Amino acid sequence: MTTYCGVDFHARQQLVKWCNTDNGEIHERQLWHESIDEVREFYVQFKGEVIVGFETSGYSSWFEAMLEELGHQVWIGHATEIRRRARARQKTDRRDAELILDLLLKHEFPRIHRVSAESREVLRQLRYRHRLVQQRTRSYNSLQAIALGAGVSLKAKLRTRTGQERLLGLAVSEAHGQQRQEWLELITQLNGYIERVERELESRAEADERVQLVRTHPGVGLLTGLALVHTLSPVSRFANSRKVAAYVGLEPREYSSGERQQFGGISKAGSRLLRLLLVEAGHKAINKDAQLKQLYYRVLHRREKAKAKVAIARHLLVRSYIMLRDQIDYAEFVRRGVAVQSARVSYRPQVPGKLIERLASEQQLS
């Protein structure tokens, strides 16, 4: 006996349509999230195999954790694909829940991959650190504005102790003086938060062999390695490198018809943070990897700098995927690449001369 629950999930409420395969009856109930105990009591009543399906949402973490604690299966569906299969143009909570339940019963639910709990925690920490760095950058920009208002341009020196001492010595208004002091205090506090998060991430990376493996590639550091491993994990779910590039959003869009073939920009369908980290890692990778450096300047000669950076990021992603898939480090990856290249060049077999049939004219001369 299996119970299927189609849930139209919102931040403050949810509408549930459920069906038991034993009797085939469909029931409906609306739950409000003001009382979490009431939601939990509702799902406790289901026994046996329970499959709960709903669309992707950014506020369903507590709901997913509660269902897993109860032993129910959590299926996350692709929102666009679910809506595409709707037969009616009208969109209501009841129709959405009915559609999800219907897809579950027909085994046509467009289920997407759901990362593990460990990977979700690591990715949350990476996004939190990224927001802290953004806030610190905005703070530095505000201090730069105060310095420029006083007639001094500090630029990158503002991040040093000498530059901050010079900033404190500038003659500014009373309001700017107070803001200057508070911005500096906020930057000090943000630096402490960032260091704490990086220490936690470093401890996780040291205990993960996969992260240590991809970090052997030039340019791939702590943040990029963690983002690669926990975004692509498990890599066995990808059939080839093109699937990986499409999943991260580095696959170019194609607009082709007939004999005309045209490619546009990248799809940007995946993790924005991972794409950002790959582009930053590419800056360091081209200085230490000859092949990537050659590729960068070849693309730069034909295209603009932004497309060259994206090309390096895509190659770095594909390389990391191959290293994770084959469980090899960077040195082994380079050795295998050289071996494949030499095998392609010298693929033609060497046949002994005595086995080669001579021409009739040569036979007569001999």
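The values are calculated or read from the model by the stated rules, or taken from the named source; none is laboratory data. Because the structure is predicted, anything quoted here is derived from the model rather than measured. Cβ placement follows ideal geometry from the backbone for every residue including glycine, while neighbour counts extend to all protein chains displayed. Accessible surface is based on the protein model in full, side chains and every heavy atom, while ligands, DNA and RNA are left aside. Shrake-Rupley method; radii C 1.70, N 1.55, O 1.52, S 1.80 Å.
State whether the residues of the range 103-111 include one that is assigned to a strand (DSSP E or B), surrounded by 11 or more Cβ atoms within 10 Å (Cβ to Cβ) and modelled with pLDDT under 95.
Yes; the residues of the range 103-111 include at least one that is assigned to a strand (DSSP E or B), surrounded by 11 or more Cβ atoms within 10 Å (Cβ to Cβ) and modelled with pLDDT under 95.
Would you mind telling me which numbered condition in (1) hydroxyl-bearing (Ser, Thr, Tyr); (2) more than 37 Å from the chain's Cα centre (by Cα); (3) open to solvent by 80 Å² or more (accessible area, probe 1.4 Å) Ser173 fails?
Ser173 satisfies every listed condition except (3).
Yes or no: the range 122-130 includes at least one residue that is out of contact with any Cys (no Cβ under 8 Å at 6 or more places or on another chain), without any contact (Cβ under 8 Å) to a residue 12 or more places away in the chain and not in a helix (DSSP H, G or I). I'd like the intermediate steps shown before the answer.
Filtering the range 122-130 for residues out of contact with any Cys (no Cβ under 8 Å at 6 or more places or on another chain) gives 122-130.
After this cut, where a residue has to be without any contact (Cβ under 8 Å) to a residue 12 or more places away in the chain as well, the list is 124.
Now drop any that are not not in a helix (DSSP H, G or I), which leaves none.
No, the range 122-130 has no match at all.
For the condition farther than 24 Å from Lys284 by Cβ, surrounded by 17 or more Cβ atoms within 10 Å (Cβ to Cβ) and either free of Cβ contacts under 8 Å to residues at least 40 places away in the same chain or not charged (D, E, K, R) (or both), what is the one hit in Ala245, Ala147?
Values: Ala245 fails: farther than 24 Å from Lys284 by Cβ.
Matching residue, one of Ala245, Ala147: Ala147.
Thr216 fails exactly one of the following numbered conditions: (1) in a loop (DSSP other than H, G, I, E, B); (2) closer than 22 Å to Arg272 by Cβ; (3) of a type in the set (S, T, N, Q). What is the number of that condition?
Checking Thr216 against (1) in a loop (DSSP other than H, G, I, E, B); (2) closer than 22 Å to Arg272 by Cβ; (3) of a type in the set (S, T, N, Q), the one that fails is (2).
Specify the residue that is surrounded by the most Cβ atoms within 10 Å (Cβ to Cβ); the eligible residues are those in the range 159-170 that are in a loop (DSSP other than H, G, I, E, B) and of a type outside the set (A, V, I, L, M). Spell out how you get there, then give the answer.
So in the range 159-170, the residues in a loop (DSSP other than H, G, I, E, B) come out as 160, 169-170.
With the extra rule that they be of a type outside the set (A, V, I, L, M), the set shrinks to 160, 169.
Numbers: Thr160: 11, Gly169: 9.
Checking each candidate, the answer is Thr160.
Collect the residues in the range 176-204 that are aromatic (Phe, Trp, Tyr) and more than 25 Å from the chain's Cα centre (by Cα), keeping them in residue-number order. So that I can check it myself, show each step before the final result.
The first filter runs over the range 176-204 and keeps only residues aromatic (Phe, Trp, Tyr), leaving 183, 193.
Listed by number, the list holds a single entry, Trp183.
If I ask for residues that are part of a loop (DSSP other than H, G, I, E, B) and surrounded by 12 or more Cβ atoms within 10 Å (Cβ to Cβ), which ones from the range 72-90 would you list?
Those that are part of a loop (DSSP other than H, G, I, E, B) and surrounded by 12 or more Cβ atoms within 10 Å (Cβ to Cβ): His72, His78, Arg85, Ala86.
Under 9 Å between Cβ atoms, at least 6 apart or on separate chains: pull out the pairs that start in the range 180-202 with a residue that is under 18 Å from Glu121 (Cβ atoms) and in a helix (DSSP H, G or I) and end on any residue that is modelled with pLDDT of 95 or more and of a type in the set (Lys, Arg).
Tyr193/Arg129; Ile194/Arg129; Ile194/Arg136; Val197/Arg129; Glu198/Arg129; Leu201/Arg129
Quick one: in the range 118-140, which of the residues that are out of contact with any helix residue (DSSP H, G or I) (no Cβ under 7 Å at 6 or more places or on another chain) and open to solvent by less than 60 Å² (accessible area, probe 1.4 Å) is nearest to Leu99 (Cα to Cα)?
Arg120
Within the range 23-34, is there a residue that is under 18 Å from Leu101 (Cα atoms), in a helix (DSSP H, G or I) and not aliphatic (A, V, I, L, M)?
Looking through the range 23-34, none of the residues is under 18 Å from Leu101 (Cα atoms), in a helix (DSSP H, G or I) and not aliphatic (A, V, I, L, M).
Are any of the residues in the range 37-49 touching a Phe, Trp or Tyr at 6+ places or on another chain (Cβ under 9 Å), within 13 Å of Thr2 (Cα to Cα) and surrounded by 11 or more Cβ atoms within 10 Å (Cβ to Cβ)?
yes
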